Amino acid sequence: MAQWIDISQPLSNQIAHWPGDTPFQYQLTASMVETNSVNIGNIQTSLHIGTHIDAPYHFSKNGKTVDQLPLEPYIGKAVVLDVSRTDIINAAVLSQMNWSNDIKRVLLHTSLPNNPTRFPEALPYLDPDIAPFLQAQGVVLLGVDMPSVDAPDSKDLSTHHALSKHGILILENLLLDTVPIGEYELIALPLAIQGADGSPVRAVIRPIKKEEKLHGK
């Protein structure tokens, strides 16, 4: 049986955080020497650290929070697509890709070199027109190897809103640099944090069929 592949950024005190947001910090607050039985750790972090999901409440005051989201979009068949040959990813680019009709989760390997310890100055552009295209294919989850589906300086978050409008949930900051294109089983469950606008996830994939030439028809 194929082995699970971890595609999530490991959380550490060195992981990059969104500029101005709360960095991740882990510390041991009580040691076995002190308690005579256990080590006890503590973390402080933004919910949008490392590999994470955005709940619609993150960018819409009336959007659903993490605990209100269905679990099904985060579990099931997914396809990894290589769009690293362009810095503009739109419906025309995605229309050149092939994947099985029963795959409802798309993970994009972009041109952004993935360095978990450095927040990038610029990101490849995800055109909002991908949202209606993906919806027409039955896609319910879009994952990217970038910290956001919009530019770091975006205020209108047009791609966030377009994806949400078309029923597509968002998974960000995946590690896909060494993952072959192909079809996989995905598990990327958010934590059940009541009222939250996002959540870190442990995203893992397992191959479900041999690698295919999915970069073009």
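Values in this text are rule-based calculations from the coordinates and carry no lab data. Predicted model, so just to flag it, every value in this text is computed and none were measured. All Cβ positions, even for glycine, are placed from backbone atoms using ideal geometry, and neighbour counts span all protein chains on display.
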Open item on the list: Sort ILE88, ILE208 by Cβ crowding within 10 Å, fewest neighbours at the top.
Closed with: ILE88, ILE208
Task: Spacing of the two label points (7 Å from each Cα toward its C-beta) at TYR26 and ASN115, in nm - done: 2.3 nm
Task: Pairs of lysine residues in the chain - Cα separation under 15 Å, sequence separation of 8 or more or cross-chain - done: 6
Task: Percent RCO, i.e. relative contact order, over segment 47-207, from Cα pairs under 8 Å lying at least 6 residues apart - done: 37 percent
- [ ] Express in nm, to one decimal, how much length is gained between LYS77 and LYS165 on full extension, taking 0.36 nm for each residue of separation and deducting their alpha carbon distance.
- [x] 29.4 nm
- [ ] Scan around LEU174 for amide H atoms under 5 Å from its own, H built in the peptide plane at 1.01 Å from N, and keep only partners 5 or more places away or cross-chain.
- [x] VAL144, ASP145, MET146
Task: Beta bridges per DSSP with both ends in segment 47-207, % antiparallel, nearest 5 - done: 55 percent
Task: Selected from PRO113, GLN68, VAL149, residue furthest toward positive end of dipole (segment 53-166; charges at beta carbon) - done: GLN68
TODO: Give me the number: length gained by fully extending SER158 to GLN68, i.e. 0.36 nm times residue separation minus the C-alpha to C-alpha distance, one decimal in nm.
DONE: 30.1 nm
Open item on the list: Give me the extension gain from LYS61 to ASN36: residue separation times 0.36 nm, minus the current Cα-Cα distance, reported in nm with one decimal.
Closed with: 4.3 nm
Open item on the list: Quick check on the chain: helices-only [θ] at 222 nm, where DSSP H runs of length 4 and up contribute -39,500 (n - 2.57) each and the sum goes over total residues. Nearest 500, please.
Closed with: -2500 deg cm²/dmol
